[in-house]
Amino acid sequence: MLAADSGITGNEFRLFFYCGIMTYNGKGGATAVEAADFLGLTPQATRRMAKKLAEHKMLLVADVIGRTIKYRVTPHIVSSLSGREQSEEAASYHLPTLPGRPAQRRRA
């Protein structure tokens, strides 16, 4: 995720990290407006970044209330659960992809 060719910008990584903290800090995730206020970004840019990260399954939609979307981090990347709990939770979600890299095929 940190490599230059990953396709993730610095602000997108900051958004991902903020949502990760909010996911496991008892809040269950964060909205784009909450993240924008904390990170000093515009809500429009933050929504666009969150949508991009969600398309690549790095962020998951935790809750939708009207037009407000709360995002959380995929358990494939960040989790505070034990190994067994993390495996069980991650099994129900698709693997994330990095925007700048093609999805890798699993070897048989």
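Only the coordinates and a few stated rules stand behind these numbers; no lab work does. These numbers were taken from a predicted model, which means no experiment stands behind them. Cβ placement follows ideal geometry from the backbone for every residue including glycine, while neighbour counts extend to all protein chains displayed.
Tabulated results
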{"quantity": "Charge tally in the Cβ shell below 13 Å around MET22, where Lys, Arg are +1 and Asp, Glu are -1, MET22 excluded", "calculated": "+1"}
{"quantity": "Calculated FRET efficiency for the pair ALA45/ARG67, C-beta based, R₀ 22 Å, to 0.05", "calculated": "0.85"}
